[in-house]
Structures are given as structure tokens and as C-alpha cells.
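For reference, the structure is listed below as C-alpha cells.
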Amino acid sequence: MRIIGGEKRGHKLTEWHGADIRPLRDRVRTALFDILGQRVVGAEFLDLFAGTGAVGLEALSRGARAATFVDSSGKAIRIIRENLRRLGYQDRAQVIKGDAVEAVRKLARKGKKFDLVFVGAPYGGDLALRATTLLGELAPLSPGATVVVEVFHKAQPGECYGHLELESVREYGETKLLFYRRRA
């Protein structure tokens, strides 16, 4: 796994192999950032269910002002911190070990506002739906913020979650990316 674009393009990332992680494939990550384009530059980025942190690290490489990484796994947190150190992004990142849904609540209470959010919850459960619902209700989001939710291709997206409205859906094999926009 490597950074695909931006200032750290080509840098290798520490990986995590095993049945309990499903990193976003390079092809899908490329498509995601092609779609987001210039919205990444200067953005506050939130990477929920971050795993290795590849999505948030890609955002930093492409010009995001800062990134917050959330994962409940101690191993994931160690890998994220190692990747931040290797790329020199420690000063532009916050790493939170804990439940992503609870982290959204805490970040909202602290008044944090994100411009871009990536929700990469494990397939097969309701974690992506719960996190997206909470993001839409509590809205720790800037006006016009984009929330991208990665789901299994057979999942049926909701049209709205609180302040979030479905903007587009893209499919890549077994992966579906749902793009939501925060209404003003």
C-alpha cells in the first residue's frame, strides 16, 4: 500500500494484513480523490474506522489542512501513528482510539467542524449507518461538507440522514461509495 497522489506520492505505508481489516483498494482510493478533487486542499478531514489511516494520509498528502483518525483497534492506532511519523504528518493529525460513533459525539460536543469525512466501517453490520446518522444529526460538519460512506455494493443507501443529503453513488466491484452533502 502506498500514497497515490500529492506531495508524498509513492511513499509506502505500513500495512496490516489479516481477516479483520479491509483496506480501501488503490483503485477505489484513486477514484475517491479524483471525485473530491480540490475540495481536499485546506480541508479538515475526518477518517472514521481508519484502519491503517491510508485515506486520511492520502488527504494530507493532497493538501488537507489537518486530519483526525478514529479507530477502536490498538493495532490500527499503532499503524496510523507509525505512518504519520514516516510521512512527517504528526503535527497535522489527531489520533483517537475508541468507538467511532462515540468519537463523533465527543467531537461534536467540542465544536469540531469537518469539511470532509470518510466512513469506512466494517461490512456486514450497522456501524456505517449509525455513524452516518449521527454525523447528519449532530452535524460536526462545515456548511457544504462532504461525507463519503464506503459500503458493500448490495447496500441500499438512505436519501437523507439529518442534515446530510445523498448526492451521488459510485460502484467499484464489491465496494460502493455514497457521497452525502451537508445541507445549509
Pick from the stretch 116-129 the residues that are part of a helix (DSSP H, G or I) and under 19 Å from Ala76 (Cβ atoms): which of them is nearest to the chain's Cα centre (by Cα)?
Ala128
Condition (residue is among the aliphatic types (A, V, I, L, M) and within 16 Å of the chain's Cα centre (by Cα)) applied to the stretch 108-115: is it met by at least one residue?
no
Output the residues belonging to the stretch 161-184 that are over 18 Å from Gly120 (Cβ atoms) and surrounded by fewer than 12 Cβ atoms within 10 Å (Cβ to Cβ).
Ala184
Please indicate, with yes or no, whether at least one residue in the stretch 18-26 is more than 25 Å from Ala145 (Cα to Cα), in contact (Cβ under 8 Å) with a residue 12 or more places away in the chain, basic (Lys, Arg) and assigned to a helix (DSSP H, G or I).
no
Checking the condition without any contact (Cβ under 8 Å) to a residue 24 or more places away in the chain and among the β-branched types (Val, Ile, Thr), which residue from Val117, Val169 passes?
Val169
Given the conditions (1) within 14 Å of the chain's Cα centre (by Cα); (2) hydroxyl-bearing (Ser, Thr, Tyr); (3) farther than 23 Å from Ile4 by Cβ, which single one is not true for Thr146?
(3)
Per the filter on the stretch 56-94, residues in contact (Cβ under 8 Å) with a residue 40 or more places away in the chain and assigned to a strand (DSSP E or B) are Thr68
Looking only at the stretch 130-153, filter to residues that are β-branched (Val, Ile, Thr) and part of a helix (DSSP H, G or I); which one of those is surrounded by the fewest Cβ atoms within 10 Å (Cβ to Cβ)?
Thr133
For the stretch 41-55, give me each residue that is in a helix (DSSP H, G or I) and closer than 18 Å to Leu178 by Cβ.
Val55
Looking at Val147, Val151, which one is among the aliphatic types (A, V, I, L, M), without any contact (Cβ under 8 Å) to a residue 40 or more places away in the chain and farther than 20 Å from Lys112 by Cβ?
Val151
Just to be sure I understand, how many residues within the stretch 82-111 are crowded, with 17+ Cβ neighbours inside 10 Å and within 13 Å of Thr68 (Cβ to Cβ)?
10
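Laboratory data are not the source of any read-out in this text; all were calculated from the coordinates shown. Treat the numbers as computed from the prediction; the structure is a model and nothing was measured. Backbone-built Cβ (ideal geometry, glycine too); neighbour counts: all protein chains shown.
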